[in-house]
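Heads up, the thing below is written out as structure tokens.
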Amino acid sequence: MTGIHIKLQEKFGAAVREIHNQHGDETAVADRSAFLTIVQFVRNNHNIDCDMLTDITAVDGLSLKWKPRFEVIYHFYSTKKNHRLRLKVKVDEQDPVVPSLAAEWGVANWLEREVWDMFGIRFEGHPDLRRILMYEQFSGHPLRKDYPYSKRQPLIGPKN
Amino acid sequence: MEMMNEMGEAGFSTTKLDQAIGWARKFSIFQYPFVTACCGMEYMATACSHYDVDRFGAGLPRFSPRQSDVLFVVGTISHKIAPVLKRIYDQMADPKWVVAFGVCTCTGGFYDNYATVQGIDTIIPVDVYIPGCPPRPENVLDGLMKLQDKIQRQKQEV
Ligand code: SF4
């Protein structure tokens, strides 16, 4: 099915802030407060039926002067209908929190931990939000654009 | 092989103890492969029958540091795994040698970032550096021969 993003906007109105479709990549930007409802709809509506969460990632728009600064991006896929959908949620630097999907999608557990580790975006309701790639002693979030490029935090050895 | 050459008509050879031990040691290199990344593929290619490191007496990898002589550090070393590498090195019994396999281990390679150790020689001493991304098996064999040379020449602690 095509036009899922349009369908979402029709159903949720202003809670879907914007939609676009570039080269068949259908994308909807969801309002944070309605995010869980929209995800539930995307999963359970029998026309959309996205039963697989392929990836969660984020973009830091610091150098592009985005307001709000971060975009958390969810990629959904329907194994039955063979279509994809991207959902984005924009969050600000002061309050970088998104509801967690870990309860519904087991895969979201580690993906959210990765986004927390790299971007410092918290997932509300996550059962165990620890770093997953970096070590506990690491401070800061390395994929944020204001993390100094040459800053290293070695556990042993010289501070190179 | 030096021993053979020195064997004249008398049918016996004379050598120094150091040289004899060095000769024995350089042909019984039990390696510990510390493989973390893509260089591992090239390590396997070198270790398999086509290039056959067994010719140099290095054909038997041991997966216990206690039983090995040479630590092959193969692949990118991140700051997270660096303490593990140090610990493995500390657990090896003397005499021991270290080979840095691939540019990642030599200098950090192109991973000039928050995650990667900029050369394992910042953590443990290194005897032979084999650069390349990944190094070709010929290059690895060359490094292995250089290591043999080094083992042969050094003062043998017993
Ligand atoms: S040197 Fe190249 S091939 Fe070897 S681990 Fe590093 S990136 Fe991979």
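A compact table of results
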quantity	calculated
Trypsin sites (Lys or Arg not before Pro) within the stretch A:1-96, DSSP loop, no more than 15 other Cβ atoms inside 10 Å	A:65, A:80, A:81
The stretch B:68-113: chymotrypsin sites (Phe, Trp or Tyr not before Pro) in DSSP coil with no more than 16 other Cβ atoms inside 10 Å	B:110
B:62, B:153, B:87, ranked by accessible area, largest first (probe 1.4 Å)	B:153, B:87, B:62
Estimated inter-spin distance, residue B:110 and residue B:18, nm [label 7 Å along Cα→Cβ]	4.5
Carbon and sulfur %, accessible surface of the protein assembly as shown computed with the full protein complex present, 1.4 Å	54
Antiparallel %, DSSP beta bridges [both residues in chain B], to 5	5
Residue B:38-residue B:153 FRET efficiency (beta carbon distance; Förster radius 30 Å; 0.05 resolution)	0.35
Range of Cα positions in the protein assembly as shown per principal axis (Å), largest first	101, 41, 32
Charge context of residue B:102, other residues only, Cβ under 12 angstrom, K/R +1, D/E -1	0
Minimum 40 Å² accessible area buried by the other protein chains, the stretch A:105-138 residues, probe 1.4 Å, relative to alone	A:135
Among A:126, A:23, A:141, residue whose mean-square fluctuation peaks in a GNM of chain A (springs only between Cα atoms under 10 Å)	A:23
For chain A, built as a Gaussian network whose Cα springs stay under 10 Å, the top-fluctuating residue of A:26, A:104, A:112	A:104
Counting all C-alpha pairs of the stretch A:4-124, share separated by more than 25 Å (%)	18
Relative contact order %, chain A, counting alpha carbon pairs below 8 Å whose residues are six or more apart	17
Greater than 30 Å apart at Cα, pairs in A:151/B:146; A:90/A:151; B:16/B:86; A:65/A:151	A:151/B:146; B:16/B:86
Base-10 log of normalised Debye intensity for the stretch B:53-158 (one unit scatterer per alpha-carbon) at q = 0.12, 0.13, 0.17, 0.24 Å⁻¹	-0.40, -0.47, -0.81, -1.43
Centroid-to-centroid separation of the stretch B:37-90 and the stretch A:114-149 [C-alpha atoms, Å]	32
Restricting the stretch A:104-134 to trypsin sites (Lys or Arg not before Pro) in coil, as DSSP defines it, with at most 10 other Cβ within 10 Å	A:130
Average accessible area per residue (Å²) across the protein assembly as shown - probe 1.4 Å, nucleic acids and ligands excluded	52
Under DSSP loop assignment and at most 13 Cβ neighbours within 10 Å, longest GluC sites (Glu not before Pro)-free interval of chain B	B:10-156
Rounded tilt (10° steps) of B:17-26 against the dominant C-alpha axis of chain B	50
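The values are calculated or read from the model by the stated rules, or taken from the named source; none is laboratory data. Bear in mind that the values here come from a model prediction, so they are computed numbers and not experimental data. Cβ: placed from backbone, ideal geometry, glycine included. Neighbour counts: every protein chain shown. Heads up: the accessible areas ignore ligands, DNA and RNA and are worked out on the full protein's heavy atoms, side chains in. Shrake-Rupley method; radii C 1.70, N 1.55, O 1.52, S 1.80 Å.
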